[in-house]
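*Asks:* A single structure is presented below for examination.
Bear in mind that the values in this text are calculations on the coordinates, not laboratory data. These figures come from a predicted structure and were not determined experimentally. Here the Cβ is made from the backbone with ideal geometry for all residues, glycine too, and neighbour counts use every protein chain on show.
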Amino acid sequence: MQASIHNSHFILRRLHSLFGLLPIGGFLIFHLWENSQSRYGQLHYNEHVVGWLQGLNYLLLMEIFIIALPLLFHAGYGLVIARGSRSNWRLYPWLHNRFYWLQRLSGIAILLFLLFHVGWTRIWGLWEPAIKIDLFSHMQNLLSDPLFFILYLTGLLLSVFHLCNGLWSMAISWGITTSIEAQRYWFYLCTMLAVILCAMGLHGMLGFVQ
Amino acid sequence: MMDKTIDLDIRRQDTPYSPPYWQAFSIPYREGHNIVSALMAIREQPITRDGHRVDPVAWEFNCMEEVCGACSMIINGHPRQACSTLIDTLEQPIRLEPLSKFPIVRDLMVDRSRIFSDLKKVRAWIEIDGAWDIHEGAPRISPEAWKENYLYSRCMSCGCCMEACPQYGPEKAFIGPDSLAAVRLMNNHPTGSYHKQQRLHAIMADGGISDCGNAQNCVRVCPKEIPLTTAIGELGRQSTLQLLRDLFGKTQ
């Protein structure tokens with residue numbers, strides 16, 4: 001008899017699920033809240049939002065262990081999971097079946113978006129100190145282009161969907177919601193969270209181009 | 001004016017390895033026909049709509065009251081039982097296809113033996129006897145628990161939930177919603193719960209519960225209205241607790 005901890009399959013799936021919420025989902029919420037403060041203007045944003053973050057001790061270690069590594073695992077193992085699924089939403093066009101497929105598609109799209117998003121800000125900032133000093137103008141320049149605004153809006157909507165649908169699905173996988181009613185009410189709560197996070201993210205984006 | 005007919009388009013396949021093809025049949029209309037009785041009418045006169053005499057269509061059926069699961073097929077795009085599907089409720093021409101997730105034997109007949117081997121993998125039975133007589137009567141079950149268990153006991157291994165599941169397929173290890181529901185049923189029986197841990201370990205391996213993607217098609221296509229997604233949620237909780245026991249030790 002094979003015990004669960006002697007078979008990595010179950011633990012890997014649960015780690016993938018857990019990382020989606022903590023730390024990655026938590027970071028997404030923090031990130032959207034942090035950038036929603038763009039409305040207070042260039043000076044406040046650069047000094048009190050970005051400046052405060054960059055003044056944190058052990059920042060690089062936190063970035064690597066709380067954000068980068070869990071994200072890489074979640075993305076990499078997510079691709080493995082997505083490869084083993086086939087869409088049938090045309091045959092069975094129910095909401096959760098569409099969302100099942102969108103969860104996988106959005107995962108791949110978010111990965112591509114993040115390559116650009118992280119590259120444009122954090123990675124480019126490694127050898128271009130002007131970006132770190134005045135991130136507000138850097139983002140303002142980018143988001144003033146309607147094409148990139150739409151790209152960012154897509155990235156935002158897909159990320160929020162992926163988190164909130166993942167949260168709904170996770171509650172069943174971990175056995176928190178079992179009855180149909182509980183699953184339905186949890187779905188309403190996740191939808192509410194999605195609306196709030198989208199509003200927060202959009203607010204932050206508009207703050208850069210106001 | 002022509003007499004009213006029942007038109008069927010049937011996906012056929014002569015051997016497990018030959019290519020599939022479609023054939024159209026028309027039979028005289030009769031009130032109360034279901035798919036099985038229509039297929040029987042075709043078997044009496046296996047002549048296609050354009051007048052060719054062909055081999056009769058092969059399919060499986062048994063109980064004729066939606067409890068054996070043998071006559072599952074895809075009817076107008078949806079997996080269901082041929083015996084309980086009335087012609088009068090369907091749009092014509094009626095398209096009949098074999099289930100797509102199982103190896104085809106011939107025409108509408110598929111080999112569903114994988115369902116049985118997956119049930120064996122998860123120990124979906126209750127051992128009432130040991131190596132000796134245990135001198136104990138049948139354990140009592142509360143009416144509430146019995147009522148819940150009954151919902152799951154109606155599974156007839158028809159294959160509809162697996163057909164609709166985007167995670168289930170011939171090339172994949174996932175055991176499917178029906179085997180998980182069987183584990184839910186056996187784990188909740190007082191005698192069956194003796195082997196709860198073995199069953200949980202079986203569904204915590206490759207192809208087990210964590211391969212479920214929560215698309216929830218299974219619960220919508222199940223002809224017996226078994227709360228499959230509730231079973232998956234309950235087993236999610238049981239396997240979470242089992243993982244904690246495996247990692248950190250038991251509570252007692």
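*Asks:* Work out how far the C-alpha atoms of chain B reach from end to end along every principal axis, then list the three figures in whole Å, largest first.
*Replies:* Principal axes ranked by extent give 79, 37, 34 Å for the Cα atoms.
*Asks:* Tell me the Rg and the Dmax, in Å, that the Cα atoms of region A:16-98 produce.
*Replies:* Cα radius of gyration and Dmax of region A:16-98 are 18.1, 54 Å respectively.
*Asks:* Between A:V195 and A:L43, what is the label-to-label distance in nm when each label sits 7 Å out along the Cα-to-Cβ direction?
*Replies:* Computed distance between label sites A:V195 and A:L43 equals 3.7 nm.
*Asks:* So what is the calculated 222 nm ellipticity per residue for chain B, using -39500 (n - 2.57) for each DSSP H run with n of 4 or more, over all residues, to the nearest 500 deg cm²/dmol?
*Replies:* When only DSSP H runs of four or more count, the value is -9500 deg cm²/dmol.
*Asks:* Let me ask something additional. How much length, in nm to one decimal, is gained on full extension between B:F248 and B:R154, taken as 0.36 nm per residue of separation minus their Cα-Cα distance?
*Replies:* On the way: separation 94, 0.36 × 94 = 33.84 nm, distance 3.68 nm.
Here the answer is 30.2 nm.
*Asks:* Another question about this same structure. Among all the aspartates and glutamates, which ones have a C-alpha under 19 Å from A:K132's C-alpha, if same-chain residues fewer than 8 places away are not counted?
*Replies:* A:E34, A:E47, A:E63
*Asks:* Across the Cα atoms of region B:113-248, what radius of gyration and what greatest pairwise Cα-Cα distance (Dmax) are found, in Å?
*Replies:* Expressed in Å, the Cα Rg and Dmax of region B:113-248 come to 15.0, 47.
*Asks:* Within a 10 angstrom radius of each residue's Cβ in A:97-107, how many Cβ atoms of other chains show up on average? Whole number is fine.
*Replies:* Across A:97-107, the average partner-chain Cβ count within 10 Å equals 3.
*Asks:* In nm, to one decimal, how far is the modelled label at B:R30 from the one at A:E128, with both set 7 Å along Cα→Cβ?
*Replies:* It is 7.9 nm.
*Asks:* Between B:P139, B:P170, B:P103, which gets the highest mean-square fluctuation from a Gaussian network model of chain B, Cα cutoff 10 Å?
*Replies:* B:P139
*Asks:* Restricted to Cα positions, what overall size does region A:102-188 have along the principal axes? Three whole-Å values, descending.
*Replies:* Result, largest extent first: 54, 26, 21 Å.
*Asks:* Right, next: Determine the shielding of peptide A:160-169 by partner chains: average, over its residues, the number of Cβ atoms on other chains within 10 angstrom of each Cβ. Spell out each step's value before the answer.
*Replies:* Details: counts 0, 0, 0, 0, 0, 1, 1, 0, 1, 5.
Across A:160-169, the average partner-chain Cβ count within 10 Å equals 1.
*Asks:* If we restrict to alpha carbons, what Rg and Dmax does the protein assembly as shown come to, in Å?
*Replies:* So, for the protein assembly as shown, Rg and Dmax equal 27.6, 89 Å respectively.
*Asks:* I need B:H201, A:H203, A:H138 ordered by Cβ neighbour count within 10 Å, fewest first.
*Replies:* Fewest to most other Cβ atoms nearby, the residues stand as A:H203, A:H138, B:H201.
*Asks:* Is it possible to state the helix-based mean residue ellipticity at 222 nm for chain A, with each DSSP H run of 4+ residues giving -39500 (n - 2.57), the sum divided by total residues, to the nearest 500 deg cm²/dmol? What is it? Write out the running numbers ahead of the final one.
*Replies:* Numbers: 10 runs with 141 residues, N = 210.
When only DSSP H runs of four or more count, the value is -21500 deg cm²/dmol.
*Asks:* Suppose a student asked you for the relative contact order of chain A, using Cα pairs under 8 Å spaced at least 6 residues apart; what percent would you report?
*Replies:* 35
*Asks:* Could you list A:V50, B:V122 in order of exposure, starting from the residue whose Cβ has the fewest other Cβ atoms within 10 Å?
*Replies:* A:V50, B:V122
*Asks:* So if I take the centroid of the Cα atoms in region B:70-97 and the same for region A:27-86, what is the distance between those two points in Å?
*Replies:* 51
*Asks:* Based on the Cα gyration tensor of region A:57-126, what are the three equivalent ellipsoid semi-axes, each the root of five times an eigenvalue, rounded to whole Å and given largest first?
*Replies:* Computed over region A:57-126, the values are 32, 13, 9 Å.
*Asks:* In a Gaussian network model over chain B where Cα atoms closer than 10 Å are linked, find which of B:D206, B:D111, B:D129 has the largest mean-square fluctuation.
*Replies:* B:D129
*Asks:* Among the lysines, which have Cα under 26 Å from the Cα of B:K224 when same-chain residues fewer than 8 positions away are ignored?
*Replies:* Within the straight-line cut-off, B:K224 pairs with B:K101, B:K120, B:K121, B:K147, B:K172, B:K196.
*Asks:* Give me the distance between the Cα centres of region A:189-208 and region B:98-149, rounded to whole Å.
*Replies:* That distance is 48 Å.
*Asks:* Contour minus end-to-end for A:L22 and A:E181, with contour as 0.36 nm per residue of separation and end-to-end as the Cα-Cα distance?
*Replies:* Taking A:L22 through A:E181 to full extension adds about 54.7 nm, to one decimal.
*Asks:* Please state the shape class of region A:4-209: rounded when a/c is under 1.5, otherwise prolate if a/b exceeds b/c and oblate if not, all from the C-alpha gyration tensor.
*Replies:* Cα axes put region A:4-209 in the prolate bin.
*Asks:* What is the fewest-to-most order of B:C83, B:C71, B:C212 by other Cβ atoms lying within 10 Å of their Cβ?
*Replies:* Exposure proxy ranking, most exposed first: B:C83, B:C71, B:C212.
*Asks:* Would you mind calculating the relative contact order of chain B from Cα pairs under 8 angstrom and at least 6 residues apart, reporting the percent as a whole number?
*Replies:* About 17 percent, as a whole number.
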